[in-house]
Amino acid sequence: SGTGKELTARFIHEHSKRKDSPFVAINCAAIPGEVLESELFGHLKGAFTGATQDRQGLFEFASDGTIFLDEVGDMTMDEQIALLRVLQERKVVRIGGDKVIPVDVRVICATNKNLLEAVEKGTFRNDLYYRLNVIRIVIPALRDRGEDKILLFHYFLDRISRERGWHYELDPEVIFQLRRYHWPGNVRELHNVAERVVSLAEGPRISLIHL
């Protein structure tokens, strides 16, 4: 978590032939099962309690573009079956309906779990794993990314300081501590630290005390 999975997915989308079509991101772990299927595939009015009107699913909305499914490893077995069907057939059927709707979507999935271990434990479908595992991109933890942490810290400071209208100076001790720290929160934590030091600094010079 916090390594920049969605940012990487957006980068892929924005540098592809699909860039002029929608990019849609959804966190599969944050949405209850019955709601997630409706979000992904859509529903018809009256399909379930609370379905007061027809609704287009994200797969339809993202047609010709990209859909990013974050935390796909947290999907239930029923959701995995529904996703596998869409990936294989490239068609969706809204909940409560029978009309088949073709979709052409690039699917990018992300997880911080070991899906192969989940397959062995029986919590993730073997066929879905191999259907998804076409091109695999591993985003390392920030602590394993060498000088990236310094480059990213400067990038965040540049962006924040431009908003405030001043140029910052970074003491060497700060850079030493940035390299030394193990960053359990990854890039998200690094960004928060950049926000914090700018908020605490009374001027453009950022020293160890602000860190």
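Quick check: anything in the stretch 76-89 aliphatic (A, V, I, L, M), in contact with a Lys or Arg (Cβ under 8 Å, 6 or more places away or on another chain) and either open to solvent by 30 Å² or more (accessible area, probe 1.4 Å) or in a loop (DSSP other than H, G, I, E, B) (or both)? Yes, some residue in the stretch 76-89 is aliphatic (A, V, I, L, M), in contact with a Lys or Arg (Cβ under 8 Å, 6 or more places away or on another chain) and either open to solvent by 30 Å² or more (accessible area, probe 1.4 Å) or in a loop (DSSP other than H, G, I, E, B) (or both). Selection of the stretch 29-64 for residues being in contact with a Ser or Thr (Cβ under 9 Å, 6 or more places away or on another chain), open to solvent by less than 50 Å² (accessible area, probe 1.4 Å) and not aliphatic (A, V, I, L, M) yields GLY33, GLY57, SER63.
Could you list, in sequence order, the residues of the stretch 159-203 that are outside any helix (DSSP H, G or I) and open to solvent by less than 60 Å² (accessible area, probe 1.4 Å)?
Applying the first criterion (outside any helix (DSSP H, G or I)) to the stretch 159-203 yields 165-171, 181-185, 201-203.
Of everything in the stretch 159-203, those that are outside any helix (DSSP H, G or I) and open to solvent by less than 60 Å² (accessible area, probe 1.4 Å) turn out to be TYR168, LEU170, ASP171, TRP183, GLY185, ALA201, GLY203.
The set of residues from the stretch 32-75 being assigned to a strand (DSSP E or B) and charged (D, E, K, R) comprises ARG55, ASP70. The set of residues in the stretch 53-90 being out of contact with any strand residue (DSSP E or B) (no Cβ under 7 Å at 6 or more places or on another chain), closer than 17 Å to PHE124 by Cβ and among the charged types (D, E, K, R) consists of ASP74, ASP78, GLU79, ARG85.
How many of the residues in the stretch 11-44 are under 27 Å from VAL93 (Cα atoms) and touching a residue at least 24 places away in the same chain (Cβ under 8 Å)?
Our first condition is that a residue be under 27 Å from VAL93 (Cα atoms); within the stretch 11-44, this holds for 13, 17-44.
Narrowing further to those that are touching a residue at least 24 places away in the same chain (Cβ under 8 Å): 13, 18, 21-30, 33, 36-38, 40-44.
Residues flagged as under 27 Å from VAL93 (Cα atoms) and touching a residue at least 24 places away in the same chain (Cβ under 8 Å) within the stretch 11-44 amount to 21.
The values are calculated or read from the model by the stated rules, or taken from the named source; none is laboratory data. Here the structure is a predicted model, which means the values were calculated and not measured. Every residue, glycine as well, gets a Cβ built from its backbone with ideal geometry; the counts of neighbours run over all protein chains shown. SASA here: full protein model, heavy atoms, side chains in, ligands and nucleic acids out. Shrake-Rupley method; radii C 1.70, N 1.55, O 1.52, S 1.80 Å.
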